Amino acid sequence: MFKKVGLIALSTGLVLSGVGLSNADAAKKDVTPKVKQNWNGPVENVIYMIPDGFGANHAANYRIFKGEEAVWDSHIKGMYTTYSANADITDSAAAGTAMAAGVKTNNGVIGFDTAGNEVKTILEASEEAGKSSGLVATSTITHATPASFASHVEHRSNETEIARQYIQESGVDVILGGGKNYFLPSSEGGKQTELNLIDEAQEKGFEFAETRAQLEEIGNVNVEKGEKLLGLFADDALAPEFDRVETEEPSLAEMTETAIDALSQDKDGFFLMVEGSQIDWAGEENDAAYAMHDTKAFEEAVQEAIEFAQQDGKTLVIIAGDHETGGMSVGSATSSNAAAEILKNVTATGGFMAEQLNEDRLNVKEVVQQYTGIDLTVDEVKTIQQAENAKLAINKVLSERAGIGWTRYGHSAAPVPVFAFGPQSDKFVGFHDNTDLPKIIADAMKLK
Ligand SMILES: [Zn+2]
């Protein structure tokens, strides 16, 4: 049974974002967690939480947006570099491979080193040690970051092959996210030639859900008894958090809670990877409000993980972005105002607002007012009306208002912070390379 406010937000169906409700809930739940007991043995469970594209300035802007410390802030441990084997600026495939397997590879490659050798991931090593495993994401579940933990492909774009490996070859017990089309054959509108991986999964003992209600109906899945869980809640990626409450998709926190409930039945422990996938996509469009609201959804998922770890005492939670996206700053080229809190009332992405504009963009002021509560100046209206790309222009105006600067429509090479909670979390103290992270985790778990 989900504990969260989503049900209420769903049943009212009145709000686009459900912001008000969730804020109240988050405030109520704000606690300073402490590890329950001092466990000195090997870490039994690992929850590896990856906010894709989340750098130090995302963390700073999010504190301003929230008006207080984020759940992870007091668990800051260190920073690390993110470059790939062939580029200063990594993509999510090379970054994921580094964070999952501890080796540098070329951009685009998943689960192979630069010489083409298959590399073992921390999820696979956990499976070999008799633990259960899970993948949760708000992108397609076959996207680069989750794929890096449980598949091996020469290029990340081969998502049908990644799906095949998940079901036919990997030992992953819980798979929750988007991307149903990559599991279905073309005869059913999917992208597989012939395979129906959802049928195959069910034959292998997976319970299958495609809506939030079905996920809840399935109830407790017990991996200790060999039960497994596949939830694919959209044909492609899941919705941005803004739009999710109007869909039948579960929240990232609900998927995380469900995965922990199932995996924690395993007496030998578990490894779970959870990705807040769309913080990166917001950065690529320099959409500050989208970035902040998806960070909030990710924070609620982290809260679930930390609450479990706090109770359990043998669980290590790591929060680590795979790279920074957007070259974000606190303060922009023209504004020294740090005002991310004004984005709290935004209820749509810049892309959605741009789609609501009429042909001559004469309704800019009304549209932006409706979805942000912000009253644009004459100059701001003109800027958006005359821009080549209305979406990017709206995002730029709102970022300026929030005192948030951007330098790129892509990833940057900025080092990123790592936060950790639970036994042996101090092993992350210091300055590292992204390839060090799975090695530190393996050492804490006493895996080979
Ligand atoms: Zn990424």
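Flag: Thr372 matches the condition of being of a type in the set (Val, Ile, Thr) and buried (at least 20 other Cβ atoms within 10 Å of the Cβ).
Taking the criterion of being surrounded by fewer than 19 Cβ atoms within 10 Å (Cβ to Cβ) and under 18 Å from Gly327 (Cα atoms), the residues of segment 76-88 that qualify are Met79, Thr81, Tyr83, Ala87, Asp88.
Here Leu230 meets the list (1) hydrophobic (A, V, I, L, M, F, W, C); (2) in contact (Cβ under 8 Å) with a residue 12 or more places away in the chain; (3) surrounded by fewer than 24 Cβ atoms within 10 Å (Cβ to Cβ) almost entirely, failing just condition (3). If the condition is being crowded, with 24+ Cβ neighbours inside 10 Å, more than 16 Å from Leu343 (Cα to Cα) and within 16 Å of the ligand (Cβ to nearest atom), then segment 49-75 contributes Met49, Ile50, Pro51, Asp52, Gly53, Phe54, Gly55.
Condition first: open to solvent by less than 50 Å² (accessible area, probe 1.4 Å) and either part of a loop (DSSP other than H, G, I, E, B) or more than 28 Å from Glu241 (Cα to Cα) (or both). Now tell me which residues in segment 172-191 satisfy that.
Of everything in segment 172-191, those that are open to solvent by less than 50 Å² (accessible area, probe 1.4 Å) and either part of a loop (DSSP other than H, G, I, E, B) or more than 28 Å from Glu241 (Cα to Cα) (or both) turn out to be Val172, Asp173, Gly179, Phe183, Leu184, Pro185, Gly190.
Each row is one residue, and each column tells you yes or no for (1) assigned to a helix (DSSP H, G or I); (2) under 15 Å from the mean Cα position of the chain (by Cα); (3) under 30 Å from His58 (Cα atoms).
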residue	(1), (2), (3)
Glu217	yes, no, no
Ala239	no, yes, yes
Ile260	yes, no, yes
Leu272	no, yes, yes
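Just to be sure, is Gln265 out of contact with any His (no Cβ under 6 Å at 6 or more places or on another chain) and surrounded by fewer than 24 Cβ atoms within 10 Å (Cβ to Cβ)? For Gln265, the condition - out of contact with any His (no Cβ under 6 Å at 6 or more places or on another chain) and surrounded by fewer than 24 Cβ atoms within 10 Å (Cβ to Cβ) - is met. Any residue in segment 276-288 that is touching a residue at least 24 places away in the same chain (Cβ under 8 Å) and part of a strand (DSSP E or B)? The answer is yes; a qualifying residue exists.
Filtering segment 288-317 to residues that are within 16 Å of the ligand (Cβ to nearest atom) and either of a type in the set (Lys, Arg) or open to solvent by less than 10 Å² (accessible area, probe 1.4 Å) (or both) leaves Ala291, Thr295, Phe298.
Residue count for segment 268-285 under the criterion of being open to solvent by 10 Å² or more (accessible area, probe 1.4 Å) and more than 16 Å from the ligand (Cβ to nearest atom): the result is 1. Looking at the structure I just gave you, is Val223 within 17 Å of Ala137 (Cα to Cα) and either crowded, with 16+ Cβ neighbours inside 10 Å or not aliphatic (A, V, I, L, M) (or both)? So Val223 fails the test. Within segment 144-154, at least one residue is closer than 19 Å to Ala98 by Cβ and open to solvent by 50 Å² or more (accessible area, probe 1.4 Å). Would you confirm whether or not segment 346-357 contains a residue that is over 26 Å from the mean Cα position of the chain (by Cα) and either of a type in the set (S, T, N, Q) or open to solvent by 20 Å² or more (accessible area, probe 1.4 Å) (or both)? Within segment 346-357, one or more residues are over 26 Å from the mean Cα position of the chain (by Cα) and either of a type in the set (S, T, N, Q) or open to solvent by 20 Å² or more (accessible area, probe 1.4 Å) (or both). Considering only residues that are touching a residue at least 24 places away in the same chain (Cβ under 8 Å), crowded, with 24+ Cβ neighbours inside 10 Å and either within 16 Å of the ligand (Cβ to nearest atom) or under 16 Å from His323 (Cβ atoms) (or both), which ones fall in segment 102-138? If the condition is that a residue be touching a residue at least 24 places away in the same chain (Cβ under 8 Å), crowded, with 24+ Cβ neighbours inside 10 Å and either within 16 Å of the ligand (Cβ to nearest atom) or under 16 Å from His323 (Cβ atoms) (or both), then Val109, Ile110, Gly111, Leu135, Val136, Ala137, Thr138 are the ones that fit.
The values are calculated or read from the model by the stated rules, or taken from the named source; none is laboratory data. Remember, predicted model here, so these are calculated numbers, not experimental data. Glycine gets a Cβ as well: all are built from the backbone with ideal geometry, and neighbour counts include every protein chain shown. Calculation scope for accessible area: heavy atoms of the full protein, side chains included, ligands and nucleic acids excluded. Shrake-Rupley method; radii C 1.70, N 1.55, O 1.52, S 1.80 Å.
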